[in-house]
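Everything on this sheet refers to the single structure shown next.
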Amino acid sequence: MCGGMLEDRDYMRQPGGYLRWSATLVLVIVLVVTYLVQRYFLPGSIYEELVLSLDGIKSGYVWQLLTFQFLHAGWLHLFFNCWTLYMFGREVESALGKVRFLVLYFLSGIMGGLLQVFVEMVWPHYFVGGVVGASAGIFGVVAAFAMLAPNEVLTMLIFFILPVNVKAKWLLYISLAMTGLGIAFPVQFGGNIAHAAHLGGILTGMAFIRFGGEFARNFLEPFESRRRKRELMKAVSIKMPQWPRQKSEPPAEVPEEEFISREVDPILDKISQHGIQSLTERERKILEAARNRMAKR
């Protein structure tokens with residue numbers, strides 16, 4: 001799994017019990033804080049422009065495809081979404097890594113919103129009103145979990161009382177069936193539930209794991225590579241003594257990309273293979289010079 005490769009190495013661990021917040025936890029906190037702002041501080045006129053609606057999209061309010069994912073209809077709605085996101089998100093994030101996990105989450109929400117709008121265009125009399133909630137993105141995360149670990153046995157609490165064991169793949173099948181029935185029979189299955197948005201999130205999560213993983217890896221690898229190198233530099237700086245600036249420091253006029261590829265990358269590779277203790281004094285000074293450059297950005 002790509003999520004914990006660097007973090008598992010001893011030179012990537014932060015001393016003193018430093019807390020590394022996961023993207024899942026940050027999302028949960030953001031959803032809670034946003035709901036507090038929505039409930040107590042957000043004017044109704046602005047709220048209406050942030051809720052996803054067919055009229056809004058027709059009017060060009062495309063930002064609604066993102067903003068509706070942070071709004072909720074009530075405390076219970078918020079609780080169930082945050083609980084589900086926390087339970088499944090940590091595992092999916094561990095498998096995909098933070099960046100790919102966030103792409104999956106928000107892409108599922110956006111595609112779910114688009115499908116909901118499309119269904120409202122086709123059946124305007126059955127689906128009316130604005131849509132709020134992180135459910136579409138969360139359903140994408142749940143679907144991704146089921147695709148990654150289809151035989152994982154989950155203990156579900158029906159009405160939070162009756163425990164039932166079910167494999168992840170069957171949870172996915174049940175979710176698909178419920179959303180399909182909800183679209184076909186909206187009145188019987190809760191007319192105020194955005195079943196189409198849920199279905200869009202599920203299909204996006206499935207497609208992301210089945211078809212989009214390689215594309216996402218190729219697209220995001222350059223960005224993640226730079227991020228991993230920056231994290232490695234920071235971690236190394238914790239264990240290395242602070243060296244004074246030396247006259248032998250590479251001159252400032254050398255392009256940064258050339259300096260990193262020619263001098264820094266081989267040293268980082270050496271740390272990965274043999275540990276920080278394998279560095280020579282010259283290599284340590286080169287890393288110090290690289291840290292100084294990063295600090296000047």
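Table for the structure above
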| quantity | calculated |
| --- | --- |
| Search result, residues across the stretch 57-109 that are in contact (Cβ under 8 Å) with a residue 60 or more places away in the chain and surrounded by fewer than 22 Cβ atoms within 10 Å (Cβ to Cβ) | 57, 70, 73, 86, 90, 94, 95, 98, 99, 102, 103, 107 |
| Some residue of the stretch 91-104 being of a type outside the set (Val, Ile, Thr) and assigned to a loop (DSSP other than H, G, I, E, B) | yes |
| Residue in the stretch 43-52 that is outside any helix (DSSP H, G or I), over 17 Å from residue 194 (Cβ atoms), assigned by TED's automatic domain parsing to the domain that holds residue 183 and of a type in the set (S, T, N, Q) present | no |
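Table: residues versus (1) at pLDDT 95 or above; (2) assigned to a loop (DSSP other than H, G, I, E, B); (3) in the same structural domain as residue 23 (by TED's automatic domain parsing); (4) surrounded by 10 or more Cβ atoms within 10 Å (Cβ to Cβ).
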{"position": "118", "(1), (2), (3), (4)": "no, no, yes, yes"}
{"position": "129", "(1), (2), (3), (4)": "no, yes, yes, yes"}
{"position": "139", "(1), (2), (3), (4)": "yes, no, yes, yes"}
{"position": "147", "(1), (2), (3), (4)": "no, no, yes, yes"}
{"position": "151", "(1), (2), (3), (4)": "no, yes, yes, no"}
{"position": "160", "(1), (2), (3), (4)": "no, yes, yes, no"}
{"position": "169", "(1), (2), (3), (4)": "no, no, yes, yes"}
{"position": "175", "(1), (2), (3), (4)": "no, no, yes, yes"}
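The values are calculated or read from the model by the stated rules, or taken from the named source; none is laboratory data. Quick caveat, the model's predicted, so the values are computed rather than measured. Counting neighbours? That spans all protein chains shown, and the Cβs are built from the backbone with ideal geometry, glycine included.
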